[in-house]
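K.L.:
Pasting a structure here, questions to come.
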Amino acid sequence: MTETGPKNGAALPSPGDWSRVVARLRRELGETAYRSYFRLMTVEGITGGEGVIAVPTRFLRNWVATHYADKLLAAWHSENRAIHRVSFIVDPRHGQDGVSRDITAKPAAPVVEGPAMSDIADEKGQLSAPLDPRLSFDNFIVGKPNELAHAAARRVAEACAGPKHSVPFNPLFLYGGVGLGKTHLMHAIAWHVRKHAPVRKVIYLSAEKFMYQFIRALRFRSTMDFKDQFRSVDLLMIDDVQFISGKDSTQEEFFHTFNALVDQNRQIVISADKSPSDLDIEERMRSRLGWGLVADIHPTTYELRLGILESKAEQLGLQLPQKVMEFLAHKITSNVRELEGALNRIGAHTQLVRRDLTLETAQELLQDLLRANERRVTIDEIQRRVAEHFNVKMAEMTSSRRARVVARPRQVAMYLAKQLTSRSLPEIGRKFGGRDHTTVMHAVKKIEELTRSDRALAEDVELLHRMLGT
Ligand code: ADP
Ligand code: MG
């Protein structure tokens, strides 16, 4: 059954197939193991009886390979007799963030069956990674945080696909935190060039894969072939170069490749989770990377998150109450990948339970995501900031003095602790010198009242809230 599919030899089992395997493991090994490991897995492909599983991090790969490989193989084999071995890889699309893509909600990993999945390089294309058809410019929502990066990416794509094949900035260096759209923009560039100028040779690779290929070439003494692959490339994109740092010979090789291509006026696009100057690489490399345009992608804003949610919901054919959308945009702030995860989970739920989704249900479904997205400010931090702000000693936060100059700041700190942490009233009380929960409650009410009448205090609270809240 399995040896069909694209030329890199990977074919996907039907999603039903895999979700049955996961369901089986969930029954056998319990909810915790399911949540911590199996839920995070995606099927990368099946080749010659070997099922390849992608997991988000190296740690996870080692862990599941040593602890669960047998169980997984047994479960998979009983669903699909063609599977005789399993192996695990680190999903390059995840980087090292450890953020999950919810495979139970959306079984299709970035890899898609048959013709939709494509190698971007030409006949020598083993080097290039597959392109995800969902990651196009059309599907990229532009907002303030990413507008520069988006404009630059478009510009590069158009120049590369244009008749003159100009190189607007070399390299284009995209940087930003995990899940903010770097990979998306790179794939979008590749799709654009591929569509409008199919003769151009484009290579898109994760830095990890670059290193892997290079080391392999060293081992098989075929570094010349390796270099040849790059010689004729028009556009080279290397994703997540932070992973190249430190590895001397590959860094060296990367540097040479890079220079050679720049000298020949070929376009290079690089992404990383840090700016060039913060990368842990040799100085000459660092400065060279910063020569072109450095475009950073900022953390998402509420508006952008809402825009993305609306567009993704439409793509999924999901109609959600506006209240729920706004709730998600408010609460899931870490990155776009998690936002998608949330939407997928809700999508799966509404397909099963054909009832209108309430805010409460959404909250319940997304408990773990919501918790992870809580601002992780501690009560200590709150106390310290508040004390500084009102110019009182930190010790006054826990003292029993009741003079207003210290009691008011203390109340503000309790109020903020209630607002910004998930601590209960008794817990907060304990942190404030062992006060009773009713004291905390009183403080919260008092500050709420005062901020309505006392402008100055309202501004103080607002300012502190903002300082602590991000
Ligand atoms: P990064 O490479 O920066 O870690 P990705 O490009 O993999 O992030 O993005 C994570 C997910 O979020 C992808 O599924 C991507 O399609 C989606 N995404 C990120 N930014 C946007 C955006 N502006 N519009 C639409 N989808 C986005
Ligand atoms: Mg990425």
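K.L.:
Given a 1.4 Å probe and every protein chain left where it sits, what share in percent of the accessible area of the chain is carbon and sulfur?
P.N.:
Working: 11490 of 23020 Å².
On the chain, the fraction of accessible area on carbon and sulfur atoms equals 50 percent.
K.L.:
When the Karplus curve 6.51 cos²θ - 1.76 cosθ + 1.60 is applied with θ = phi - 60°, which whole-Hz ³J(HN,Hα) does each residue of region 431-446 get, with x for Gly and Pro?
P.N.:
So the J values, rounded to whole Hz, are 5, 9, x, x, 7, 6, 5, 5, 5, 5, 4, 4, 4, 4, 4, 4.
K.L.:
While we're on this one: Tell me, how many Å apart are the Cα centres for region 401-462 and for region 161-222?
P.N.:
Each part reduced to its Cα centre gives a spacing of 53 Å.
K.L.:
Still on this structure: Using only the Cα atoms of region 157-238, what semi-axes does the equivalent ellipsoid have when each is the square root of 5 times a gyration tensor eigenvalue? Give whole Å, largest first. Spell out each step's value before the answer.
P.N.:
Numbers: eigenvalues 117, 66, 20 Å².
Its equivalent ellipsoid spans semi-axes of 24, 18, 10 Å.
K.L.:
Could you give the accessible area per residue of the chain, probe 1.4 Å, as a whole number in Å²? Provide the component values of the computation, followed by the final result.
P.N.:
On the way: 23020 Å² over 470 residues.
With the other protein chains kept in place, the chain gives 49 Å² per residue.
K.L.:
Continuing with the same structure: Given H placed on each backbone N at 1.01 Å, which residues far from residue 45 in sequence or on other chains put an amide H within less than 5 Å of it?
P.N.:
Excluding prolines and chain starts, which carry no amide H, the hits are 52.
K.L.:
Return the distance in nm (one decimal) between the two label points of a simple spin-label model at residue 310 and residue 195, each offset 7 Å from Cα along Cα→Cβ.
P.N.:
Calculated label separation equals 2.2 nm.
K.L.:
Apply the Karplus curve 6.51 cos²θ - 1.76 cosθ + 1.60, θ = phi - 60°, to the phi angles in region 145-155 and return the couplings in whole Hz, x for Gly and Pro.
P.N.:
Whole-Hz 3J(HN,Hα) from phi for region 145-155: x, 10, 5, 5, 4, 5, 4, 5, 4, 4, 4.
K.L.:
Ranked from the most accessible area to the least, with a 1.4 Å probe and all protein chains present, what is the order of 212, 34, 302?
P.N.:
The residues order as 212, 302, 34, largest area first.
K.L.:
Beyond 31 Å between alpha-carbons counts as too far, so tell me which of 144/195; 71/323; 144/446; 144/323; 71/331; 274/331 fall in that bin. Numbers along the way, then the final one.
P.N.:
Details: 144/195 27 Å; 71/323 42 Å; 144/446 38 Å; 144/323 23 Å; 71/331 37 Å; 274/331 25 Å.
With Cα atoms farther than 31 Å apart: 71/323; 144/446; 71/331.
K.L.:
Could you estimate the translational diffusion coefficient of the chain from the Stokes-Einstein equation, with Rh from the Kirkwood formula over C-alpha pairs, at 25 °C and 0.890 mPa s, in whole µm²/s?
P.N.:
98 µm²/s
K.L.:
What's the FRET efficiency of residue 139 with residue 330 using the Cβ-Cβ distance as r and R₀ = 25 Å, to the nearest 0.05? Intermediate results must be reported in sequence, preceding the final value.
P.N.:
Values: r = 23 Å, r/R0 = 0.92.
According to the calculation, E is roughly 0.60.
K.L.:
Further, regarding this structure: Which values, in whole Å and largest first, are the semi-axes of the equivalent ellipsoid of region 344-401 obtained as the square root of 5 times each eigenvalue of the Cα gyration tensor? Write down the numbers at each step before the final one.
P.N.:
Working: eigenvalues 382, 21, 13 Å².
Its equivalent ellipsoid spans semi-axes of 44, 10, 8 Å.
K.L.:
One quarter of the convex hull surface, Cα atoms only: what value does that give for region 385-433 in nm²?
P.N.:
Values: hull surface 12.3 nm².
If you wrap the Cα atoms of region 385-433 in a convex hull and average its projections, you get 3.1 nm².
K.L.:
On to the next question. Just to verify a number: FRET efficiency for residue 298 and residue 402, C-beta to C-beta distance, R0 = 60 Å, to 0.05?
P.N.:
Numbers: r = 45 Å, r/R0 = 0.74.
My answer for the efficiency is 0.85.
K.L.:
How much length would be gained if the chain were fully extended between residue 67 and residue 453, taking 0.36 nm per residue of separation minus their Cα-Cα distance, in nm to one decimal? Spell out each step's value before the answer.
P.N.:
Working: separation 386, 0.36 × 386 = 138.96 nm, distance 6.03 nm.
Additional length available on full extension: 132.9 nm.
K.L.:
Give me the percent of DSSP beta bridges within the chain that run antiparallel, rounded to the nearest 5. Don't skip to the end; give the middle numbers.
P.N.:
Values: 8 of 32 bridges.
So the antiparallel bridges in the chain amount to around 25 percent.
K.L.:
Additional query: Return the sequence-ordered ³J(HN,Hα) values of region 358-364 in whole Hz as given by the Karplus equation 6.51 cos²θ - 1.76 cosθ + 1.60 applied to θ = phi - 60°, using x for Gly and Pro.
P.N.:
Values per residue, Gly and Pro as x: 9, 4, 4, 4, 4, 4, 5 Hz.
K.L.:
Let me ask something else. Given 37 °C and 0.692 mPa s, compute D for region 362-460 with the Stokes-Einstein relation, Rh being the Kirkwood radius over Cα pairs; round to the nearest whole µm²/s. Walk me through the intermediate numbers first.
P.N.:
On the way: Rh = 14.1 Å.
For these conditions, the coefficient is 233 µm²/s.
K.L.:
For the residue pair residue 223 and residue 280, what label-to-label distance in nm results when each label sits 7 Å from Cα along the Cα-to-beta-carbon direction?
P.N.:
Calculated label separation equals 2.4 nm.
K.L.:
To the nearest 10 degrees, how steeply does helix 302-316 sit against the main Cα axis of the chain, on a 0 to 90 scale?
P.N.:
50 degrees
K.L.:
For the chain, build the charge dipole from Cβ charges (+1 Lys, Arg; -1 Asp, Glu) around the Cα centre, then report which of 265, 398, 299 sits farthest towards its positive end.
P.N.:
Towards the positive end, the residue furthest out is 398.
The values are calculated or read from the model by the stated rules, or taken from the named source; none is laboratory data. Because the structure is a prediction, the values reported are computed rather than measured. Every residue, glycine as well, gets a Cβ built from its backbone with ideal geometry; the counts of neighbours run over all protein chains shown. Quick note on the areas: whole protein, heavy atoms, side chains included, nothing else; ligands and nucleic acids left out. Shrake-Rupley method; radii C 1.70, N 1.55, O 1.52, S 1.80 Å.
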